[in-house]
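What follows is a set of notes on a single structure, which appears directly below.
The values are calculated or read from the model by the stated rules, or taken from the named source; none is laboratory data. Owing to the predicted nature of the structure, the values given are computational and were not obtained by experimental measurement. Here the Cβ positions follow ideal geometry from the backbone for every residue, glycine too, while neighbour counts run over all protein chains shown.
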Amino acid sequence: MHNAEGIDGELDRSSKTAMYIQLREILRSHIAVKLAPGAPLPSERDLSLRFGVARMTVRQAIDALVAEGVLDRVVGLGTFVSRPKLDLQMKLTSYSEEMQRRGMVPDAKVLSFEQIGASAYLARELKVDEGTPVVRFRRLLLADKEPMSVDENYIVASRVPGFTEGPPPNSLYQVLNEKYGLVMEWGEDTIEATAASPSTARLLNVEMGSPLLKIQRHAYVSKSIVDYSVSYYRADRYKLWVPLQRPGVRTPRSYSPKRFGAL
């Protein structure tokens, strides 16, 4: 745990500014200058002793920084400097390309790459008969060695003959394009909040029940569904960014989105 004695600054007890606000700004400066994302903050007890204020005052200061997104409070573990959240824009693109564009090192751990019979649920999503052979490709996606999401892709096997006979692809959409001529033209996403199951929590290195973004995607070539996927994103590492445009109004030429997501 980081030592509170190393925090510069003192409270001005003659000031009209509330003690918790002064402490909040001292902590903000300390975090910006000396602490890396994910670093722990000293305990409320240590901060209370260091600045000579009540624990309630310390809690108010920390609560304010948590509300701003500067700090994250993890039940049972403590308070930590927030990691920057990646903007998640819905688009048909490669995870590897997105992470490289951000200057992060992408990686993936293959959890399964096999052919299975479509369950009733998968048959409904892929619009095929129950029992139809389907390729299941499940991966844990990482950036800078940190788990970011669990992705499950399902493709009707007849669209990709011999797919599972070779090694798992590094970039799924690239292989579908280059080997099978399948270029995803459009897609539909369903986005909802969910809680991490025990197995997903272990993979993503989060507490069981932690909030996740669950995104279900149907990706199409022409009018045919080629890929149905379910992705579980760490809600502490992603936020959704959805550009909006009025129907019939052209986007200004000067408009250039600077923030993209990783899918």
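Test Leu213 against the criterion of being within 30 Å of Leu77 (Cα to Cα) and surrounded by 17 or more Cβ atoms within 10 Å (Cβ to Cβ), and give yes or no.
Details: within 30 Å of Leu77 (Cα to Cα): yes; surrounded by 17 or more Cβ atoms within 10 Å (Cβ to Cβ): yes.
Taking the combined requirement at face value, the residue satisfies it.
Select from segment 117-150 the residues that are under 18 Å from Tyr220 (Cα atoms) and either touching a residue at least 60 places away in the same chain (Cβ under 8 Å) or part of a helix (DSSP H, G or I) (or both) and list them in ascending order. Selection gives Leu122, Ala123, Arg124, Glu125, Leu126, Lys127.
Look through Glu192, Glu165, Glu98, Glu125 and report the one residue that is of a type in the set (D, E, K, R), modelled with pLDDT of 85 or more, at negative phi and surrounded by 15 or more Cβ atoms within 10 Å (Cβ to Cβ). Explain how you work it out, then say what you get.
On the way: Glu192 fails: surrounded by 15 or more Cβ atoms within 10 Å (Cβ to Cβ); Glu165 fails: surrounded by 15 or more Cβ atoms within 10 Å (Cβ to Cβ); Glu98 fails: modelled with pLDDT of 85 or more.
Being of a type in the set (D, E, K, R), modelled with pLDDT of 85 or more, at negative phi and surrounded by 15 or more Cβ atoms within 10 Å (Cβ to Cβ) holds for just one of Glu192, Glu165, Glu98, Glu125, which is Glu125.
If you go through segment 183-215, how many residues are part of a loop (DSSP other than H, G, I, E, B) and without any contact (Cβ under 8 Å) to a residue 12 or more places away in the chain? Residues in segment 183-215 being part of a loop (DSSP other than H, G, I, E, B) and without any contact (Cβ under 8 Å) to a residue 12 or more places away in the chain: 1 in total. Residues in segment 216-240 that are surrounded by fewer than 16 Cβ atoms within 10 Å (Cβ to Cβ) and modelled with pLDDT under 85 were compared, and the one that is nearest to Lys127 (Cα to Cα) is Lys223.
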